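Written below as structure tokens is the structure these notes are about.
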Amino acid sequence: MSEGRAAVSAGDVPVTDAATDAAIVGAFDDSLSAAATQADAALGGLLSEMRDAREIRGSFAERTVIHTLGRLPARRLLVLGLGKPAQLDGFRLHNAFHFAGATLRKQGVRSVTAYVPEEAIAVAGDGTTAAARAVATGILLGNFEGDLNKSERDPDTAIDSVVVAGVGHNGAIEAALREATVLADATNLTRRWAAMPSNTLTPRLLAESARTLYQGTGLEVEVLEKADLEREGMGGLLGVARGSDEPPVMIIVRYDGGRPDGPRLALVGKGITFDTGGISLKSAGGMELMKFDMGGGAAVLAAMRAIAALRPAANVVAVVPATENMPGGHAYKPGDVLTTSAGKTIEVTNTDAEGRIILADGLSKARRLGATHIVDTATLTGACVVALGHVTTGLMTNDRALAAMVQGAADAAGDRVAELPMFPEYDVCLRSDVADMKNTAGREGGTINAAVFLREYVEDLPWVHLDIAGSGWNDQSDQTQIPKGPSGTPARTLVHLATAFASL
Ligand code: BES
Ligand code: MN
Ligand code: ZN
């Protein structure tokens, strides 16, 4: 299995001098990149010929691998389609190089030199360094193979060295490439956790896995067990967990890099290791995807490891409530009223809206831990998949300034977020006759209703909610511009956000 790790460095060699298993050069729908043009000359016009024949179109994520037969020191050339230059952004840059990395890894390529096209430097955030970071990160994402869980496997293939070229060779680039390895590690860890089946990643095993992976980072981990949750009156998390034989936990991770009296960012992630829907049982078709219902929690836990590696001068605390959502003789039922640790009561109208219930206790815990700002992320609503597909994370907020910081972090990370409104008319939908709030309303505005519910538990703190139900996993067969499977979003966004908090 390849975890996606590789040595990454900057190099200034032109493509006519790069001795490597494979050089990656860009092609746009209307032109070849500068590096591709140089390679074309060395190859006697082969690329131009293929372009004229429409065999290289430069369409987004097109991959054309040719062997150079000694006409270039690189054994292979991968011409990577980048589409229309005006449409290129951080998200597309990451994805294109992710596809390129995956193609080369599968072909057994070990060393890669990637040429950052000038057109990418113009679009990626802070210019050269951001473009270099995006290209390196993308290749490392493509180098991740995931757990195949097969007893008979092809021999392991992995890229072990990546040279990023065309961006100069200086301290800023070196730092950006180091960030790229940390960010790619966090993304790939999120993806690995998200893809793990629920029998190998129970709430406790997730906590243990995080503990193991944090060794040597200086991060402090605390795992609240069932008795602790009872002592804190976390009736939301305990209520959802009732149907499961696996005990629930709340995973808390602290990183204190800022002034003790400075702002404290809380990252709260949904950690449902499997969502059957409970008594409001989901239909069977596609239910296996619900092993990834801890994708938000995974992103938060993976981001913490990256934050500990990059050491921003910020205070960050992670809170991940984790449980299965199961039917059974002890399971919570529609009509039940749960009392959360904030003292607020919930009328359960649908046991499949469990994420918001466990997050209620997670958000309250973040407040009690001294959070000054809260960002939560969750695979929360099917309605978000309907609204935004697998392309975009839904962002909802009660605070413009924090939302702008998250948007900026997402841009730097190459993650896509778009805001859904929280107009006051949405507030009335969750009013309950028997408790403070009910957990579901009708299908209309389902993603926003969920946010209205969560907002009740952040009270007056600035807060952003990121619904990753669609963006966290691409299982749509005709969505071919995004890599299949778990994306790892928004792990990188959370890391960039913590960095931005250092200058608050
Ligand atoms: N985990 C699901 C949401 C989900 C759906 C995530 C598809 C990823 C892909 C969540 O717990 C859920 O079941 N939500 C319900 C809420 C409804 C009962 C109000 C939904 O979206 O159907
Ligand atoms: Mn559910
Ligand atoms: Zn769920």
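The values are calculated or read from the model by the stated rules, or taken from the named source; none is laboratory data. A quick note: this is a predicted structure, and the numbers were derived from the prediction, not measured. Counting neighbours? That spans all protein chains shown, and the Cβs are built from the backbone with ideal geometry, glycine included. For the accessible areas, the whole protein counts, side chains as well, though only heavy atoms, and no ligand, DNA or RNA atoms are used. Shrake-Rupley method; radii C 1.70, N 1.55, O 1.52, S 1.80 Å.
Of note:
- Test: residue in region 445-457 that is open to solvent by 40 Å² or more (accessible area, probe 1.4 Å) and assigned by TED's automatic domain parsing to the domain that holds Gly382: yes
- Residue list for region 407-420, filter: open to solvent by less than 50 Å² (accessible area, probe 1.4 Å) and in a loop (DSSP other than H, G, I, E, B): Gly414, Asp415, Leu420
- Ala404 being open to solvent by 10 Å² or more (accessible area, probe 1.4 Å), closer than 22 Å to Gly297 by Cβ and either in the same structural domain as Asp275 (by TED's automatic domain parsing) or within 16 Å of ligand 3 (Cβ to nearest atom) (or both): no
- Residues within region 230-254 that are closer than 19 Å to Leu497 by Cβ and surrounded by 24 or more Cβ atoms within 10 Å (Cβ to Cβ), tallied: 1
- Meets criteria (at negative phi, touching a helix residue (DSSP H, G or I) at 6+ places or on another chain (Cβ under 9 Å), of a type outside the set (Val, Ile, Thr) and part of a loop (DSSP other than H, G, I, E, B)) for Ala175: no
Let's see how each residue does on (1) within 22 Å of Val317 (Cα to Cα); (2) touching a strand residue (DSSP E or B) at 6+ places or on another chain (Cβ under 9 Å):
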position	(1), (2)
Leu420	no, yes
Gly446	no, no
Arg455	yes, yes
Leu466	yes, yes
Ser477	no, no
Ala498	yes, yes
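- Pair list, Cβ under 9 Å, 6 or more apart: region 275-288 residue within 14 Å of ligand 3 (Cβ to nearest atom) and modelled with pLDDT of 95 or more, other residue outside any loop (DSSP other than H, G, I, E, B) and of a type in the set (Lys, Arg): Asp275/Lys291
- Counting only strands (runs of 3 or more DSSP E) wholly contained in region 227-345, the ones carrying 3 or more residues that are over 18 Å from the mean Cα position of the chain (by Cα) occupy 249-256, 315-325, 337-339.
- Per the listing Ala100, Ala136, Ala96, the residue uniquely under 22 Å from the mean Cα position of the chain (by Cα), open to solvent by less than 20 Å² (accessible area, probe 1.4 Å) and over 23 Å from Asp30 (Cα atoms) is Ala136.
- Residues that are part of a loop (DSSP other than H, G, I, E, B), out of contact with any Ser or Thr (no Cβ under 8 Å at 6 or more places or on another chain) and open to solvent by less than 50 Å² (accessible area, probe 1.4 Å), drawn from region 41-59: Gly45
- Take the conditions (1) under 19 Å from Lys282 (Cα atoms); (2) outside any helix (DSSP H, G or I); Ile358 misses just one of them, which is (2).
- Which listed residue, of Gly257, Gly262, is small (Gly, Ala, Ser), surrounded by fewer than 18 Cβ atoms within 10 Å (Cβ to Cβ) and away from ligand 3 (no atom under 16 Å from the Cβ): Gly262
- For region 112-128, taking the residues that are open to solvent by 30 Å² or more (accessible area, probe 1.4 Å) and touching an Asp or Glu at 6+ places or on another chain (Cβ under 9 Å), the one that is nearest to Asp17 (Cα to Cα) is identified as Val123.
- Considered as a group, the residues in region 364-401 that are in contact with a Gly (Cβ under 9 Å, 6 or more places away or on another chain) and in a helix (DSSP H, G or I) include one that is surrounded by the most Cβ atoms within 10 Å (Cβ to Cβ), and that residue is Cys384.
- Residue count, region 60-88 (criterion: open to solvent by 10 Å² or more (accessible area, probe 1.4 Å) and hydroxyl-bearing (Ser, Thr, Tyr)): 1
- Scan of region 332-358 for residues that are more than 14 Å from ligand 1 (Cβ to nearest atom) and crowded, with 20+ Cβ neighbours inside 10 Å, ordered by number: Leu338, Thr340, Ser341, Ala342
- Residue list for region 199-228, restricted to those being open to solvent by less than 60 Å² (accessible area, probe 1.4 Å) and either without any contact (Cβ under 8 Å) to a residue 24 or more places away in the chain or among the charged types (D, E, K, R) (or both): Ser209, Ala227, Asp228
- The set of residues from region 8-40 being open to solvent by less than 50 Å² (accessible area, probe 1.4 Å) and modelled with pLDDT under 95 comprises just one member, Gly11.
- Remark: Asp361 matches the filter, which requires a residue to be under 13 Å from Met234 (Cα atoms) and surrounded by 24 or more Cβ atoms within 10 Å (Cβ to Cβ).
- Residues within region 347-369 that are among the charged types (D, E, K, R) and touching an Asp or Glu at 6+ places or on another chain (Cβ under 6 Å), tallied: 0
- Of Ala322, Ala331, Ala309, Ala299, all but one fail to be away from ligand 3 (no atom under 16 Å from the Cβ) and small (Gly, Ala, Ser); the exception is Ala309.
- First in region 351-362 and more than 13 Å from Ala469 (Cβ to Cβ), second anywhere and open to solvent by 10 Å² or more (accessible area, probe 1.4 Å) and more than 10 Å from ligand 2 (Cβ to nearest atom), Cβ under 6 Å, 6 or more apart: Thr351/Ile279; Asp361/Ser341
- Checking the stated criteria, Arg416 turns out not to satisfy the condition of being more than 27 Å from Thr489 (Cβ to Cβ), away from ligand 3 (no atom under 16 Å from the Cβ) and basic (Lys, Arg).
- Scanning region 422-459 for residues that are at pLDDT 95 or above, more than 12 Å from Glu347 (Cα to Cα), not in a helix (DSSP H, G or I) and not charged (D, E, K, R) turns up Met422, Phe423, Gly445.
- Lone qualifier among Ala378, Ala387, Ala401 - being more than 16 Å from ligand 1 (Cβ to nearest atom), on the phi < 0 side of the Ramachandran plot and at pLDDT 95 or above: Ala401
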